[in-house]
Amino acid sequence: MLQNMEAEQQRRAQEAKRHKEAEAERMTLKVQQLAREQQQCHKEVSVTSGRSWVGSRESLVGGEVGEPGGQAPRGRARRGSDLARRPGPALPGPAHMPAQLQQAYCELSRRISEHDQCEWRRTDRTELMLQAIKDAEDQVDRLQQEAQKAEEALALARLALREQTQEGEEEVHGLKCQVTELHDVLMKDVGNRIRADGRLVLQAGCGRAGVWTDSTDLMAVPRWPLVIDPSGQAATFLRYQDTNYVDTVNPEHLRPERMRLALLGALRYGKPLVFDLREVDLFPAVQQQLEAVQPGLAQALLSRGLLEQERYLSLLRPTDGPEYSPTQFQEARLEHFRLFFVTKAQQPPAEQLQVLLPVRVQLPGTGL
């Protein structure tokens, strides 16, 4: 009798173990599928972004939108820029969502530019353009809500997997600070926390389009910071500092020539270059556009190899003017160059956390 009871207990324990393993495997496959969809969406974002950058320059009122660095049209130009920087939720989930959200942002930027052109030329289509802007804003809002739901579904799937396996995910090491401490952490690097990071990042010249491939492509150098702040306060702080700010959802900001000048200006004058990824994961798109500026530029920038042996001088063009002559790039200013990425995503992709140094912004009194 006792032996039978022990055998039955062992059988039930083995059956429960098999059931638990099967459930864990099912959840793992589900999370892997979502991860593959996110990886696929990065490619879709790059393709869609390229098409949108072209489309955004075609105006219904004729002509092209204003060139970077030029004066914006009067009237709604400033308000239009503010509309293009509308806050949104964190990182989207399904493969189609980031591409659609990126398209919506590009369409909103295009409509704002068209309205500004109409007002500047004093045409009678201003009211029509206002309605088009409102429609584009509604589309962005709707896609943001869908993206938020998708992110929550992915987060719940990961939580269920962790609970099922009783194993927490590996802690992502990085820095934590409050918004009021960003200047000390990022600009001054008080305590040399960033300089002493020494984690693995891409070697210059490895991988394709700056995308991490395997551990043999990595070398130990300080990573550039990835500021993680779902509240958006860090992005606002960096935008209004003495930085060269790139809004990655703005097609004009991601044009290769504009990115080249933004990088050169940051190097020449010794200031930070900031890429605001917003709630859309456009890190692959940024890498792609850097490669369009110069092959291998994404890797060289991430690995800091661009700063060695005056390699940055390869970015100069004959039309840049005397202020960008090689003698104007001084070591004292180059030491103040910084590269920052800022995101509103609570859980950025693992690839970003590998090649960038996470700096999580905590809200006062929450510890989050």
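The values are calculated or read from the model by the stated rules, or taken from the named source; none is laboratory data. Nothing here was measured: the structure is a model prediction, and the numbers come from that model. We place every Cβ from the backbone using ideal geometry, glycine too, and count neighbours over all the protein chains shown. Ligands, DNA and RNA are excluded from the accessible area calculation, which covers all protein heavy atoms including side chains. Shrake-Rupley method; radii C 1.70, N 1.55, O 1.52, S 1.80 Å.
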Take the conditions part of a helix (DSSP H, G or I) and either of a type in the set (Phe, Trp, Tyr) or at pLDDT below 95 (or both) and apply them to residue 309. Does it pass? yes
Any chance residue 108 is among the aliphatic types (A, V, I, L, M) and modelled with pLDDT of 75 or more: yes
Long-range neighbours under 7 Å by Cβ, at least six apart or interchain, first residue free of Cβ contacts under 8 Å to residues at least 40 places away in the same chain within the stretch 132-143, second surrounded by 13 or more Cβ atoms within 10 Å (Cβ to Cβ) and basic (Lys, Arg): 132/111; 136/111
Top-ranked residue of the stretch 84-105 - restricted to ones that are open to solvent by less than 50 Å² (accessible area, probe 1.4 Å) and touching a Ser or Thr at 6+ places or on another chain (Cβ under 8 Å), ranked as modelled with the highest pLDDT: 102
Which residues, counting only those in the stretch 314-368, are in a helix (DSSP H, G or I), small (Gly, Ala, Ser) and open to solvent by 70 Å² or more (accessible area, probe 1.4 Å)? 350
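So, in the stretch 240-271, exactly how many residues are part of a helix (DSSP H, G or I) and either polar (S, T, N, Q) or open to solvent by 10 Å² or more (accessible area, probe 1.4 Å) (or both)?
9
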Being modelled with pLDDT of 80 or more, hydroxyl-bearing (Ser, Thr, Tyr) and open to solvent by less than 50 Å² (accessible area, probe 1.4 Å), is that true of even one residue in the stretch 221-239? no
Since residue 160 meets every condition but one in (1) modelled with pLDDT of 70 or more; (2) part of a helix (DSSP H, G or I), which condition does it not meet? (1)
Looking only at residues that are charged (D, E, K, R) and open to solvent by less than 90 Å² (accessible area, probe 1.4 Å) in the stretch 21-54, which one is modelled with the highest pLDDT? 23
